[in-house]
Amino acid sequence: MKQLRPHLAEETYLSKIRRLQSEQGYRLAVLFEDGQARAAAGYRFCDNLAWGKSMYVDDLITDSESRSQGYAKRLFDWLEEEIEKRGCSMMHLDSGVHRHDAHRFYLNRKMKISCHHFDKSYGSA
């Protein structure tokens, strides 16, 4: 996760994960092989007027030394099984505009670019 979110401080990471889990239903799935974390996904289940019942993937990362070895595909397949089990109709995720390899992966998994994401920062929060 540090490779995807380098701004997170190691000393507060666990407490932040626990808070997201208790307040927002955040879940963390990790694919291990040979005792090493190869890929991870942070996700939550949502229900709203725009999308109905869906999964939102906050974080999806493959270890930089483990890329192009099928780990992301295996984890993505598992996420899709979870979507089916929960009766969701969609998966959503945002991806930084500079992450071209990730976009290629998502498009190969039959995802589509369906909207623009806008943001605005306020203060230091």
(request) Out of Tyr13, Tyr43, report the one residue that is part of a helix (DSSP H, G or I) and within 26 Å of Asp101 (Cβ to Cβ). (result) Tyr13
(message) With modelled with pLDDT of 90 or more and outside any helix (DSSP H, G or I) as the only criterion, which of Lys120, Lys85, Lys73, Lys53 stands out?
(response) Lys53
(request) Report, ordered by the first and then the second residue, all pairs with beta carbons closer than 6 Å, sequence separation of six or more or different chains, a first member in region 8-29 that is under 24 Å from Asp77 (Cβ atoms) and surrounded by 10 or more Cβ atoms within 10 Å (Cβ to Cβ), and a second member that is among the basic types (Lys, Arg) and at pLDDT 95 or above. (result) Gly25/Arg44; Tyr26/Arg44
(message) Is it the case, given these coordinates, that Glu65 is under 17 Å from Gln21 (Cβ atoms) and part of a helix (DSSP H, G or I)?
(response) no
(request) May I ask you to say which residue of Phe118, Phe76 is surrounded by 10 or more Cβ atoms within 10 Å (Cβ to Cβ) and free of Cβ contacts under 8 Å to residues at least 60 places away in the same chain? (result) Phe76
(request) Return a yes/no flag: does region 82-92 have any residue that is exposed (fewer than 11 other Cβ atoms within 10 Å of the Cβ), charged (D, E, K, R) and over 21 Å from Gly25 (Cα atoms). (result) no
(request) Would you check which residues across region 30-40 are without any contact (Cβ under 8 Å) to a residue 24 or more places away in the chain and either exposed (fewer than 12 other Cβ atoms within 10 Å of the Cβ) or part of a helix (DSSP H, G or I) (or both) and list them? (result) Phe32, Asp34, Gly35
(request) State whether one or more residues within region 45-52 are charged (D, E, K, R) and surrounded by 14 or more Cβ atoms within 10 Å (Cβ to Cβ). (result) no
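The values are calculated or read from the model by the stated rules, or taken from the named source; none is laboratory data. Remember, it's a predicted structure, so these values are computed and weren't measured experimentally. All Cβ positions, glycine included, derive from the backbone under ideal geometry; neighbour counts span all protein chains shown.
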